[in-house]
Amino acid sequence: MTSTYSTLTGKSRTSCCTHLIHEVCTPQAFDGLRAAGRSVRRPDCTLATVDHNVPTAHRGKTALIVDPESRAQCEAMDRNVREFGISYFGLQDARQGIVHVVGPEQGFTLPGITCVCGDSHTSTHGAFGALAFGIGTSEVEHVLATQTLMQKKSKNMRITIDGTLPEGVDSKDLVLHIISVIGASGGNGCVIEYAGSVIRGLSMEARMSVCNMSIEAGSRSGMIAPDDTTFSYLRNRHLAPKGQEWDRAVAYWRTLKSDEGVKFDVEVHISASDIVPVVTWGTSPQDVVPITGTVPNPATFSDPDRRKAAKRALQYMDLVPGTRMASIRVDNVFIGSCTNGRIEDLRAAANIVRAAGADAAVAAGVRAMVVPGSSLVKRQAEAEGLDAVFRRAGFDWREAGCSMCVGMNEDQLGPGKRCASTSNRNFEGRQGAGGRTHLMSPSMAAAAALRGTLTDARQFRLSSSQAAVAIEPLTPEQLGVTLALSDVRSRTSPVIHQPAAQAPTSSALGKVLRVLKGIAAPIYIENVDTDMIIPKQFLKTISRTGMARGLFYNLRNDVNSGAAVDFILDMAPYDKAVILVSTGKNFGCGSSREHAAWSLEDFGIRCIIAPSFGDIFRNNCFQNCMLPIELDVETCRSLAQDAAAGIEFTVDLESQEINCGDREGSPIQFTIDSFRRNCLLNGYDNIAATMQHAESIAEFERQRTTNWPWLDGVGYKSQKEGKSSGNHSMDW
Ligand SMILES: CC(C)[C@H](C(=O)O)[C@@H](O)C(=O)O
Ligand code: SF4
């Protein structure tokens with residue numbers, strides 16, 4: 001399936017059809033463009049919004065954002081989109097929302113495209129049969145400048161779910177079940193295709209929830225072949241093709257499916273009847289248990305690493321094995337995020353409140369928030385009366401944004417507080433330092449809000465008279481939004497900057513790595529996620545430097561007092577470490593934040609050795625001239641012993657060897673992609689290298705215009721036809 005989607009312009013460069021951007025991962029990329037005197041190659045294929053930092057208590061001008069760092073990031077976005085001529089759904093725009101809700105909602109996400117975004121949940125867009133994946137900031141800069149990316153073909157994995165989902169089981173239960181089956185690193189290096197009768201029967205919203213969490217299964221990208229469900233969702237969306245182009249597009253989209261008998265690198269079969277309503281108990285999305293079950297006993301895990309991780313998780317979550325999940329009290333409930341902040345999710349949650357009767361109320365002592373995924377979802381929900389249902393029961397009805405999914409705005413979970421959440425990550429400190437997250441579906445979260453404990457939502461049954469009346473998506477006019485569509489994908493005039501003297505562009509530029517000699521620090525944690533490497537508060541910067549302070553912040557400092565606690569990187573000789581050795585797999589999983597690589601580098605780490613890596617993190621390391629080395633678990637464990645003994649390591653990239661003292665088995669050989677190796681040895685400027693292929697990129701774009709004209713924005717079309725786009729005032 002994937003080969004159908006990758007549109008290669010050169011040996012290893014993928015042309016990106018659409019590029020979504022948000023305020024957190026772009027300021028440094030735009031600065032890089034400015035410094036190098038580069039423009040945005042395809043403003044018509046780039047769409048911007050603000051979501052992570054925005055307040056959900058009010059809407060208004062960016063200038064009203066109280067937190068100075070959040071405000072600075074949003075203002076940087078305002079400036080950058082203006083300067084580079086990019087279509088933008090800013091804080092006052094009726095179409096603003098979470099980037100992964102906005103793209104599909106506008107029809108910017110289409111089947112057959114390659115879609116990228118500086119955000120790990122870009123996998124969401126795979127629900128449309130797009131090859132969609134998250135990238136780091138350096139890659140964002142590369143895409144802005146060239147509309148292409150350096151890519152290596154991924155492995156293919158197919159997960160087939162057949163049968164009928166039992167009553168009360170929804171797409172969130174399904175995807176959490178999948179992650180528990182294949183594990184949080186199960187999809188490393190793969191693109192997942194979701195198939196089977198259950199997937200075919202899902203709505204687009206549900207498909208998006210499933211693809212969204214592919215990254216939590218270790219895969220950068222998940223996809224579903226487009227079908228009539230996809231087409232009817234897209235028909236009449238603002239940026240979807242219209243008229244004859246629509247017919248032509250649909251005819252093409254129907255061809256986008258895996259060939260009969262095609263061989264996948266990995267096949268997984270799941271029976272729908274095995275799936276039940278679930279919640280998470282630990283600090284990895286793979287820590288899943290039926291809501292009717294109990295907190296597991298780590299001693300029952302056969303894998304020693306899993307056992308250790310489970311013990312650590314239970315300590316963090318303050319849970320005791322054997323406790324009934326449904327007896328666990330919660331302080332907060334969060335309904336929202338790019339996984340479950342769409343209209344269907346809000347309807348499901350509201351249905352539970354309706355089923356609880358006219359007197360339904362949020363349990364005493366619980367704070368429950370409903371945060372729509374976009375401002376248009378909010379208006380739709382209000383038109384359906386869902387806000388009234390929530391408000392009446394004591395839920396807090398908010399403005400759109402990422403909110404407590406990540407806590408970059410004021411919506412944070414306090415230390416020691418427990419949250420029933422419809423988001424996608426239950427990592428340590430994810431929703432707030434010291435906060436404890438249980439992931440679940442919207443109906444289960446609503447049920448938890450009413451009962452005050454984790455609750456089986458099947459206890460709330462709707463009578464037909466209580467059932468929510470879902471209405472067709474409202475038109476912009478009905479929503480009371482006068483959409484000025486003229487500014488969407490119509491930009492034409494690239495802004496060319498003069499290179500700034502001595503200013504840095506993409507991060508690795510000018511750096512090389514040949515031989516690295518020094519102290520290695522051992523880390524014994526499984527699935528070290530990038531939230532753990534650098535928590536959210538350190539992402540609120542518009543610079544790439546000075547991030548060592550944030551490195552492993554929550555492991556190095558007491559959550560309540562902020563006082564330093566013993567952590568390996570603060571103890572001699574490891575405070576001078578240049579190498580990290582992780583015994584746990586999936587190092588750097590989760591978020592695409594390049595800040596994780598920046599903070600390691602700023603501390604002095606140039607090489608990380610682990611049994612496996614999160615795919616986006618691995619790329620981010622290379623982009624910053626850092627070397628991620630993958631070795632088997634046993635070798636990592638023995639290297640960690642050497643590191644713990646304070647033995648100095650020598651990593652030689654030329655000979656691809658690791659030497660540590662005169663240990664047995666030394667030197668250890670490692671393999672590395674030859675292109676990446678060359679870049680590290682010679683310090684390439686990837687963007688400049690790609691720009692040498694400008695003619696092939698232009699030729700590819702010409703073919704694309706001929707074959708798939710609906711992928712060009714209006715402004716680009718008229719520019720090609722020699723018409724002036726005036727002051728961006730053309731209609732779509
Ligand atoms: C800020 C962004 C880089 C990050 C991501 O990549 O996922 C965020 O959306 C998250 O969910 O942690
Ligand atoms: S996972 Fe959360 S923080 Fe990240 S994009 Fe989605 S809603 Fe925003």
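The numbers here are math on the coordinates, done by the rules we state, and not lab data. Given the structure is predicted, the values throughout are model-derived calculations rather than measurements. Positions of Cβ are backbone-derived with ideal geometry, glycine not excepted, and every protein chain shown enters the neighbour counts.
Computed quantities for the displayed model
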| read-out | value |
| --- | --- |
| Residue-count net charge about GLY32 - beta-carbon cut-off 12 Å; Lys, Arg +1, Asp, Glu -1 | -2 |
| FRET efficiency for ASP359 and ALA688, using Cβ-Cβ distance with R0 set to 56 Å, rounded to 0.05 | 0.25 |
| Under 27 Å from LYS152, Cα to Cα: lysines that are on another chain or at least 8 residues apart | LYS11, LYS257, LYS263, LYS511, LYS585 |
| Under 18 Å from LYS308, Cα to Cα: aspartates and glutamates that are on another chain or at least 8 residues apart | ASP287, ASP318, GLU428, GLU526, ASP529, GLU634 |
| Distance between the range 12-78 and the range 597-612 - C-alpha centres, whole angstrom | 26 |
| Local electrostatic count at THR56 - Lys and Arg +1, Asp and Glu -1, tallied over other residues with Cβ under 14 Å | -3 |
| Cβ-derived FRET efficiency at R0 51 Å, GLN641 paired with ASP396, nearest 0.05 | 0.50 |
| Stretchable slack from ASN560 to ARG461, in nm (0.36 nm times residue separation minus alpha-carbon distance) | 31.5 nm |
| Shape of the range 1-143, Cα gyration tensor, a/c cut at 1.5 | oblate |
| Simple spin-label estimate for THR671 and SER203 in nanometres, 7 Å along Cα-Cβ | 4.6 |
| Pairwise label distance in nanometres, LEU474 with ARG324, each label 7 Å out on the Cα-Cβ vector | 4.2 |
| Computed [θ] at 222 nm, deg cm²/dmol, the chain (DSSP H ≥ 4; -39,500 (n - 2.57); rounded to nearest 500) | -8500 deg cm²/dmol |
| For GLY604, distant residues with modelled amide H under 5 Å away | none |
| Whole-number percent relative contact order across the chain, with pairs defined as alpha carbons under 8 Å at least 6 apart | 16 |
| Linear extension gain, GLU695 paired with LEU681, 0.36 nm per residue minus alpha-carbon span | 2.3 nm |
| Residue order, fewest to most beta carbons within 10 Å, for VAL651, VAL320, VAL268, VAL24 | VAL320, VAL268, VAL651, VAL24 |
| Dipole magnitude (debye, nearest 20) for the chain, charges at Cβ of Lys, Arg, Asp, Glu | 680 |
| Those lysines that a straight Cα-Cα span of less than 30 Å connects to LYS61, excepting residues fewer than 8 apart in one chain | LYS378, LYS536, LYS540 |
| Förster radius 30 Å - calculated FRET efficiency between MET571 and GLN537, Cβ distance, rounded to 0.05 | 0.80 |
